[in-house]
Every structure is written in structure tokens, then in C-alpha cells.
Amino acid sequence: MFTTDLVPFGMPSSLNGLLNKSSLVVDATVQEVLPARIMSSRRLETDIKIKINAVLKGPRITGPVVVRQFGGSIGKYTEYTTQYDLMKVGEHYIVFLSVDDRPGIPPIAGARRYAPIGEWHGLFQVLPDNTLSLPEATPDAIRQRYQKAPLDQLMKDIQQASR
């Protein structure tokens with residue numbers, strides 16, 4: 001097992017910053033976690049297929065969307081970051097995304113590839129009681145406002161910021 005700390009410099013520390021950096025913001029449910037792969041940096045990366053429930057910002061997408069996350073498992077070897085947990089099938093998220101157009105990534109038939117803004121800054125998990133859960137490494141200003149907040153609060157703030 002291997003752990004790593006990923007620190008994306010210059011990442012947004014506010015909802016407006018997340019929205020400005022995002023090319024796509026969606027309400028989504030995790031459909032499938034694909035097998036991890038070894039990247040050229042010799043680190044594991046896992047693709048997550050998500051089903052879009054609603055597009056909150058960006059183009060209307062009807063086909064599959066794949067979100068990449070660092071970490072995963074191959075055989076008995078597991079690699080994870082200390083900043084966030086990998087998404088799991090059935091989990092519900094509001095996800096702030098940017099296009100993932102890195103060369104050399106294997107295509108997934110008909111799917112568009114995206115990455116969460118700041119790797120974890122753009123991951124807002126919606127719990128069964130419709131409150132939010134954010135990774136502990138989320139910037140303080142975002143975490144203080146949205147950790148355990150009702151989903152409605154985030155949706156209202158996104159609508160106001162998008163005007």
C-alpha cells in the first residue's frame with residue numbers, strides 16, 4: 001500500500017473560483033468504477049463513470065462521462081491519497097470538472113473525460129439525508145460553508161453565482 005499527498009497549487013478556495021475554473025458542473029451518480037491503470041508517473045489512476053442527473057454549468061451532455069481520480073487497486077497493491085476517498089458506485093455528487101485531454105490516456109468508447117477541479121476541491125458528496133460531505137483537505141472557506149450543509153444551499157449559491 002502506498003499513500004501520497006497531492007497538492008494542486010493555485011486551486012480555487014471559493015465557490016466562485018470553482019465555478020470559474022470549471023467547464024462542467026454536474027449533479028451526478030457514480031455508475032461504475034473501472035479498473036485502475038498505471039500511469040507514466042508510475043502512479044495508479046482510476047476512471048469513474050458517472051451518470052449525469054443534471055447539468056448545472058456547461059454543455060448539455062447526454063452520453064457517458066468519465067472522471068479520473070488518482071489512486072486505486074491492482075491485484076493486492078492499493079494506492080490512495082490522504083486528501084480524498086475514491087468515489088464508489090451509487091454515491092451521489094455535485095462535481096466541478098475540467099476537460100481531461102491529456103495525451104496517452106486510453107479512450108473509453110463514446111465517453112468524455114473530465115477531472116475534478118483541484119483533484120478534490122471539486123468533489124461535493126451528497127449524503128442520503130441531502131447534506132454535503134467534502135474531503136477534509138478541501139480549502140477552509142469552502143469546507144466551513146458547505147460541510148454538512150443542505151444540498152439546497154449549494155444549489156442556491158451556484159444559481160446566484162452563475163447569474
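Observations on the model:
- Computed per residue of the chain from DSSP H runs no shorter than four, each worth -39500 (n - 2.57), the mean residue ellipticity at 222 nm is -4000 deg cm²/dmol.
- Carbon + sulfur, % of accessible area of segment 85-144 - ligands and nucleic acids excluded, 1.4 Å: 51
- Among the lysines of the chain, pairs at least eight places apart or on separate chains and with Cα atoms under 24 Å apart come to 17.
- Relative to one another, the C-alpha centroids of segment 94-163 and segment 35-91 are positioned 13 Å apart.
- Among the listed values [x] 35; [y] 29; [z] 39, the one computed from these coordinates for percent of Cα pairs over 23 Å apart is [x].
- Where trypsin sites (Lys or Arg not before Pro) fall in DSSP loop in segment 56-129, at most 16 other Cβ within 10 Å: ARG60, LYS76, LYS88
- Surface accessible to a 1.4 Å probe, per residue, for the residues of segment 61-163, Å²: 51
- Cleavage-rule hits, GluC sites (Glu not before Pro), segment 28-125, DSSP coil, Cβ neighbours within 10 Å at most 11: none
- When the chain is treated as a Gaussian network with alpha carbon springs shorter than 10 Å, the biggest mean-square fluctuation among TYR77, TYR146, TYR114 belongs to TYR77.
- The chain: angle of helix 151-161 to the longest principal axis, Cα-based, in degrees nearest 10: 80
The values are calculated or read from the model by the stated rules, or taken from the named source; none is laboratory data. What you see is a predicted model, and the numbers here were worked out from it, not measured in a lab. With ideal geometry, Cβ positions are generated from the backbone for all residues, glycine too; neighbour counts draw on all protein chains shown. All accessible areas refer to the heavy atoms of the entire protein, side chains included, with ligands and DNA or RNA removed. Shrake-Rupley method; radii C 1.70, N 1.55, O 1.52, S 1.80 Å.
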